[in-house]
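> Okay, handing you the structure first.
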Amino acid sequence: MQEFSTILRTKLQIPFKIHLDNRIKSVNDHNDIKNDAIYKNAFINYLSTLHTLMRSSVPLMEAAYHQSQKINESVSIPLSAYYEKHIKEELYHDEWLLEDLKSIGISKSEILAKRPSMEVAELAGSQYYWIYHWHPISLLGYIAVMEGYPSSEKDIKQIQLKTGFPTQAFRTLAKHSYLDPDHRADLDKVLDRLPLSNYHKEWITLNALYTFKKLKDILYF
């Protein structure tokens, strides 16, 4: 019998492959244009939008942690333990991104003054709804996508070459290129060890697919 993490990753594989192919095509369209102003601005928008999502990561997990302690189920203790551990791992990552943006002339105040998009609010907001009004386990589907498919070192170097931005601007992306695979592996182990019902698995999967669908329309350049 296949592990749940394998089933989940298989369901995410096809939409991710389509998205990745489109992303590679977008980058390749700029092959002959170094330091293109449009591409540079698109990358800045990408980082600033990514920040609006990253700043909600720890608060979402804190909400899920507290809610998981309130449920009277066998999944409660190991689920809250996972959130408690992962909160510590994700602290201040949004601050890293602000420092990266500062290195290319975008101030913290400028980023924080920018209104997050409705799409970001919908994606993050839906997680709060499901945490508080359905089950805190649903957030695992969101995390599975958000930390499951980081940019590769090769992609990051290619983007740096095309923007001409300094290495500092890519620090957060570079760190996640090697941190997130470990986080993905940790989460997959948790998914396979938790005493999940079919109902739990269904909602984790639905939220993962929903998150991916929303994310591909939010993060692009």
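Only the coordinates and a few stated rules stand behind these numbers; no lab work does. From a predicted model like this one, the values you see are computed outputs, not experimental measurements. FYI the Cβ positions are ideal-geometry reconstructions off the backbone, even for glycines, and counts take in every protein chain you see.
> Can you tell me which of Ala144, Ala169 is farther than 21 Å from Tyr82 by Cβ and either touching a helix residue (DSSP H, G or I) at 6+ places or on another chain (Cβ under 9 Å) or not aliphatic (A, V, I, L, M) (or both)?
On the way: Ala144 fails: farther than 21 Å from Tyr82 by Cβ.
Selected residue: Ala169, the only one of Ala144, Ala169 that is farther than 21 Å from Tyr82 by Cβ and either touching a helix residue (DSSP H, G or I) at 6+ places or on another chain (Cβ under 9 Å) or not aliphatic (A, V, I, L, M) (or both).
> Assuming Thr211 fulfils every condition listed in (1) loosely packed, with under 14 Cβ neighbours inside 10 Å; (2) in contact with a helix residue (DSSP H, G or I) (Cβ under 7 Å, 6 or more places away or on another chain) apart from one, which condition is it?
Going through (1) loosely packed, with under 14 Cβ neighbours inside 10 Å; (2) in contact with a helix residue (DSSP H, G or I) (Cβ under 7 Å, 6 or more places away or on another chain) one by one, Thr211 breaks only (1).
> Same structure, new question: Taking the conditions exactly as written (of a type outside the set (A, V, I, L, M) and in contact with a Leu (Cβ under 9 Å, 6 or more places away or on another chain)), does Thr167 satisfy them or not? Show your work before the answer.
Details: of a type outside the set (A, V, I, L, M): yes; in contact with a Leu (Cβ under 9 Å, 6 or more places away or on another chain): no.
When the stated conditions are applied, Thr167 does not pass them.
> Kindly provide the set of residues from segment 79-113 that are surrounded by 14 or more Cβ atoms within 10 Å (Cβ to Cβ), of a type in the set (Ser, Thr, Tyr) and under 19 Å from the mean Cα position of the chain (by Cα), ordered by number.
Hits for segment 79-113 are Tyr82, Tyr83.
> List the number of the failed condition for His200; all other conditions in (1) part of a helix (DSSP H, G or I); (2) farther than 19 Å from Tyr83 by Cβ; (3) touching a helix residue (DSSP H, G or I) at 6+ places or on another chain (Cβ under 6 Å) hold.
(2)
> Restricting attention to segment 135-191, report how many residues are more than 18 Å from Trp96 (Cβ to Cβ), charged (D, E, K, R) and not in a helix (DSSP H, G or I).
So the count comes out to 0.
> What tally of residues in segment 55-102 results from selecting those that are in contact (Cβ under 8 Å) with a residue 60 or more places away in the chain, part of a helix (DSSP H, G or I) and either in contact with a strand residue (DSSP E or B) (Cβ under 6 Å, 6 or more places away or on another chain) or of a type in the set (A, V, I, L, M, F, W, C) (or both)?
Counting residues in segment 55-102 that are in contact (Cβ under 8 Å) with a residue 60 or more places away in the chain, part of a helix (DSSP H, G or I) and either in contact with a strand residue (DSSP E or B) (Cβ under 6 Å, 6 or more places away or on another chain) or of a type in the set (A, V, I, L, M, F, W, C) (or both) gives 8.
> Another question, then. Within segment 171-188, work out how many residues are of a type outside the set (A, V, I, L, M) and loosely packed, with under 13 Cβ neighbours inside 10 Å. Quick ask: steps written out before the conclusion?
Residues of segment 171-188 that are of a type outside the set (A, V, I, L, M), as a first pass: 171-172, 175-178, 180-184, 186, 188.
Filter once more, keeping what is loosely packed, with under 13 Cβ neighbours inside 10 Å: 178, 182.
Residues that pass the stated criteria total 2.
> What pairs come up if the first residue lies in segment 194-207 and is under 13 Å from Gly141 (Cα atoms), the second is assigned to a helix (DSSP H, G or I) and polar (S, T, N, Q), and their beta carbons are under 9 Å apart, counting only those six or more places apart or on different chains?
If the second residue must be assigned to a helix (DSSP H, G or I) and polar (S, T, N, Q), the pairs left are His200/Ser138; Trp203/Ser138; Ile204/Ser138; Leu206/Ser138; Asn207/Ser126; Asn207/Gln127; Asn207/Ser138.
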